[in-house]
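The values are calculated or read from the model by the stated rules, or taken from the named source; none is laboratory data. In this text, all values refer to a predicted model and were calculated from it rather than measured experimentally. Every residue, glycine as well, gets a Cβ built from its backbone with ideal geometry; the counts of neighbours run over all protein chains shown.
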């Protein structure tokens with residue numbers, strides 16, 4: 001179904017709003033000495049993304065993420081988290097509990113981000129749960145993909 005001009009105008013407004021926020025994050029110097037570690041959960045400014053990429057939520061385009069790999073004090077690899085757990089699609093979500101609430105790490109949505117996107121530490125996973133999620137992510141990367149056509 002083609003986009004209507006009103007749909008395009010709304011999308012332009014949303015992307016413009018995110019772009020303004022992204023510039024703010026880029027210029028923010030308070031994040032230069034941020035202390036974070038693998039296995040921690042942070043709220044991050046993931047923004048408004050394209051197609052099926054996972055967006056941030058609400059007015060500020062934020063979403064909780066799990067830090068999978070710390071590359072440096074400026075860059076890390078994260079998996080976005082969600083409480084919308086889909087039990088019928090187990091290969092791309094790793095389900096776990098945080099503070100008694102069911103969550104899932106979206107294994108197909110991993111990405112490298114600047115630590116300027118990290119906003120607030122939410123907590124940390126147990127070493128066991130963190131290693132299980134990281135292993136599931138690595139397994140997904142090496143999994144054979146079934147082709148749609150012969």
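Just one of (1) under 10 Å from the mean Cα position of the chain (by Cα); (2) outside any loop (DSSP other than H, G, I, E, B); (3) at pLDDT below 65 fails for residue 55. It is (2). Residues that are modelled with pLDDT of 90 or more and part of a loop (DSSP other than H, G, I, E, B) do not occur anywhere in the range 91-106. Candidates in the range 68-103 are the residues that are surrounded by fewer than 16 Cβ atoms within 10 Å (Cβ to Cβ) and in contact with a helix residue (DSSP H, G or I) (Cβ under 6 Å, 6 or more places away or on another chain); of these, the one that is farthest from residue 36 (Cα to Cα) is 92.
From the set of residues in the range 104-119 that are farther than 16 Å from residue 47 by Cβ and touching a residue at least 24 places away in the same chain (Cβ under 8 Å), which is surrounded by the most Cβ atoms within 10 Å (Cβ to Cβ)?
105
Residue 31 fulfils the conditions (1) at pLDDT 70 or above; (2) touching a helix residue (DSSP H, G or I) at 6+ places or on another chain (Cβ under 6 Å) except for a single criterion, (1).
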